[in-house]
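Scroll down for the structure; my scribbles are underneath it.
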Amino acid sequence: MENFQKRLLNTVNIFDILIVLYQFVNTSNGPSYIKQYGENLNKGYFEAPLYQCLNQLIDELLDENISFDMFKEELANLCKEEPSPDFCIWILLYFDQILEEYERYPHLKQNRRLSLQRLTAVGPLNTSLDGYQLYYTPVKGIPYHSPVIRNIRSAQLRDTSKIASLLSSYHIISKPADEPYLIVKKYETQEFKECFAGPDSTLKIAVVPFYKDTWYKTKLSETPIRNYFEILSESSLEETINTAYIRMLETLNQQNVDIVVFPELAMNASTKNVVCKWLAAQYFGNPAFKIKLIFLGSFWNYMDKTNTCTLLSSTGTVLLENHKKIGFIYKNPENRKQYHEALSQRPSYFEALDLDYLGRLIYFICRDSLEDLDQAYLWNQHHINIEVISSYSKSLSHFENKMRYFSQTHKGISVVANCCEPRSQKDTVGFISLPATDLSSENRNAEGFLLHHRPTGHCQNHCEICKCYEIFTLYPFKVENYAQYQTLKAERRFSQDHANISTCTFLAKTL
């Protein structure tokens, strides 16, 4: 291993230093290091002059009395050639307390602001992304603010054998080899506070199945290795689609919807710009505007060969965008050949977002939400609370199984917004998955349950783009039993043209 002091002196910021210290103690000896540290803490070991000097050195850095270069040189002198595990753990825990209130320290706030809007960086905060990465701990989300979900027994177990289990205000994780890492941003807003203000508060989520006929063109090509398909927008429908987006948002705003989700391929080249401008106008001219987040669906860019989903704030700010990683495989009914989605490259990272009251959320396109390695990494290491999926798929069973498991193991909530067209012969289009308690089990085990989106039959004879939507109303403070299962109260409302309100019906493991 490279000389410890040399690695320390090559750091660029304080987060790099924490990574260097963590790597030194993150070994198979972690349990004994933790035990030894606790024993020495009882003996008053850390009242020694060395740790008093460390305390003063860190305070001088945070108060900006010394430069970062001077800080790391003095730190390297204190630890000599190689530090003790106690030395590393002491600094890691000292900064765990400091980072709980990082906004107090100008040195820790440097370069955190990502734009003139309310976006700030959550991680990775260290500069080298080859191995470990450091993130602030996610904000408290729905599993904390909803007493109903908080009281559901979690099926997730924490590994307390690692040094990381001692940390609470930040966490350090290892990046999966050859897989996308996660960029996390925080959107500084209190918009969702009203959804958790009291016993009658609601969180309204609308899903839009879009259109029962195709609104795009498909280009097929064949090679000796693989066959491919590409998506081209139907130019004659672009204005119609964009107008439908705005009309839909106006309608849902009148019904006090908080979150709107469109499906995969719904956008064209100008949709994002049109909707952003309209939202900006609402921000400045419509104080009664209620919609807080818009998951715009995805756009297949024929020039770049990318399929990208976009999340917008209520003001028209782009909060995150993710490129599709795993392409769809289309089976041509005419020649029965398979054609792969002609995506130009794999994304090197995904983006996630922290929002007060909701927690950490991520937005995926279709099959990316089914990738086992990515999902295990995100759920376990990054503590995702909400997963939103825009899809265009004939089958929902794989999504149902994966998202039910997410609800069961991580108390996660997920929304799948699918298109009408590929499921025109089915009775469900998409769903919401919620964590629940199985009252029939002796240990009141956690379960995952689905509230399905069932618009089929509303528009078989007449269909307008975006007209057929459904609103799911969740009550974070109200408990209801459904057969032997218990979770928060939820209701479905079809579009006004086909008004029908019904309390949700959960489906168990067989669908």
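The values are calculated or read from the model by the stated rules, or taken from the named source; none is laboratory data. Computed from a predicted structure; not experimentally measured. Cβ coordinates were reconstructed from backbone atoms using ideal geometry, including for glycine residues, and neighbour counts include every protein chain displayed. Areas reflect the complete protein model, heavy atoms only, side chains present, ligands, DNA and RNA absent. Shrake-Rupley method; radii C 1.70, N 1.55, O 1.52, S 1.80 Å.
Of all the listed residues (Ser201, Ser161), the sole one being in a loop (DSSP other than H, G, I, E, B), in contact with a helix residue (DSSP H, G or I) (Cβ under 8 Å, 6 or more places away or on another chain) and over 30 Å from Tyr33 (Cα atoms) is Ser201.
Restricting attention to region 193-231, the residues that are under 30 Å from Ala342 (Cβ atoms), modelled with pLDDT of 95 or more and in contact with a Pro (Cβ under 7 Å, 6 or more places away or on another chain) total 0. With assigned to a loop (DSSP other than H, G, I, E, B), surrounded by fewer than 20 Cβ atoms within 10 Å (Cβ to Cβ) and basic (Lys, Arg) as the only criterion, which of Arg247, Arg153 stands out? The match here is Arg153. Each residue in region 26-49 was checked for being open to solvent by less than 60 Å² (accessible area, probe 1.4 Å) and either in a helix (DSSP H, G or I) or more than 26 Å from Leu129 (Cα to Cα) (or both), and 9 pass. The set of residues in region 438-466 being at pLDDT 75 or above, over 28 Å from the mean Cα position of the chain (by Cα) and open to solvent by 70 Å² or more (accessible area, probe 1.4 Å) consists of Ser440, Glu442, Asn443.
Could you tell me whether Leu21 is farther than 27 Å from Asp159 by Cβ and not acidic (Asp, Glu)? Here the answer is no, as Leu21 does not meet what is asked.
Yes/no matrix, rows are residues, columns are (1) touching an Asp or Glu at 6+ places or on another chain (Cβ under 8 Å); (2) assigned to a helix (DSSP H, G or I); (3) open to solvent by less than 60 Å² (accessible area, probe 1.4 Å); (4) modelled with pLDDT of 95 or more:
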| position | (1), (2), (3), (4) |
| --- | --- |
| Asn55 | no, yes, yes, no |
| Leu61 | no, yes, yes, no |
| Asn77 | no, yes, no, no |
| Leu92 | no, yes, yes, yes |
| Glu103 | no, yes, no, no |
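Residues in region 79-89 that are open to solvent by 30 Å² or more (accessible area, probe 1.4 Å) and either in contact with a helix residue (DSSP H, G or I) (Cβ under 6 Å, 6 or more places away or on another chain) or not basic (Lys, Arg) (or both): Glu81, Glu82, Ser84. Residues in region 255-289 that are in a helix (DSSP H, G or I), within 23 Å of Arg367 (Cβ to Cβ) and not β-branched (Val, Ile, Thr): Lys272 alone. One residue is enough: does region 55-72 have a residue meeting the conditions touching a helix residue (DSSP H, G or I) at 6+ places or on another chain (Cβ under 8 Å) and among the hydroxyl-bearing types (Ser, Thr, Tyr)? No: region 55-72 contains no residue that is touching a helix residue (DSSP H, G or I) at 6+ places or on another chain (Cβ under 8 Å) and among the hydroxyl-bearing types (Ser, Thr, Tyr).
Beta carbons closer than 9 Å, at least 6 apart along the sequence or on distinct chains, pair a first residue in region 358-379 that is closer than 18 Å to Arg158 by Cα with a second that is acidic (Asp, Glu) and open to solvent by 10 Å² or more (accessible area, probe 1.4 Å) for Tyr377/Glu179.
Within region 124-150, being among the β-branched types (Val, Ile, Thr) and open to solvent by 50 Å² or more (accessible area, probe 1.4 Å) holds for Thr127, Thr137.
Yes/no matrix, rows are residues, columns are (1) in contact with a Lys or Arg (Cβ under 7 Å, 6 or more places away or on another chain); (2) at pLDDT 50 or above; (3) over 24 Å from Asn253 (Cβ atoms); (4) not in a strand (DSSP E or B):
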position	(1), (2), (3), (4)
Cys468	no, yes, no, yes
Thr473	yes, yes, no, no
Arg493	no, yes, no, no
Ser502	yes, no, no, no
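Does Gln97 meet the test of being surrounded by 13 or more Cβ atoms within 10 Å (Cβ to Cβ), outside any loop (DSSP other than H, G, I, E, B) and in contact (Cβ under 8 Å) with a residue 24 or more places away in the chain? Here the answer is no, as Gln97 does not meet what is asked. Of the strands (runs of 3 or more DSSP E) lying entirely inside region 290-333, the ones with 3 or more residues being aliphatic (A, V, I, L, M) are found at 293-301, 318-323. Of the residues Asp427, Asp356, Asp374, which single one is open to solvent by less than 10 Å² (accessible area, probe 1.4 Å) and out of contact with any strand residue (DSSP E or B) (no Cβ under 7 Å at 6 or more places or on another chain)? Unique residue meeting the criteria: Asp374. Going residue by residue through region 172-179, is there one that turns out to be open to solvent by less than 30 Å² (accessible area, probe 1.4 Å) and basic (Lys, Arg)? No, the conditions are met nowhere in region 172-179. Scanning region 1-25 for residues that are open to solvent by less than 40 Å² (accessible area, probe 1.4 Å), within 11 Å of Ile163 (Cα to Cα) and under 28 Å from the mean Cα position of the chain (by Cα) returns a single hit, Tyr22.
Selection of region 380-423 for residues being open to solvent by 20 Å² or more (accessible area, probe 1.4 Å), in contact (Cβ under 8 Å) with a residue 60 or more places away in the chain and farther than 24 Å from Val148 by Cβ yields Gln381, Tyr392, Ser397, Glu421. When we screen Tyr283, Tyr363, Tyr357 for residues that are touching a Cys at 6+ places or on another chain (Cβ under 7 Å) and either farther than 20 Å from Tyr392 by Cβ or among the acidic types (Asp, Glu) (or both), the only hit is Tyr357.
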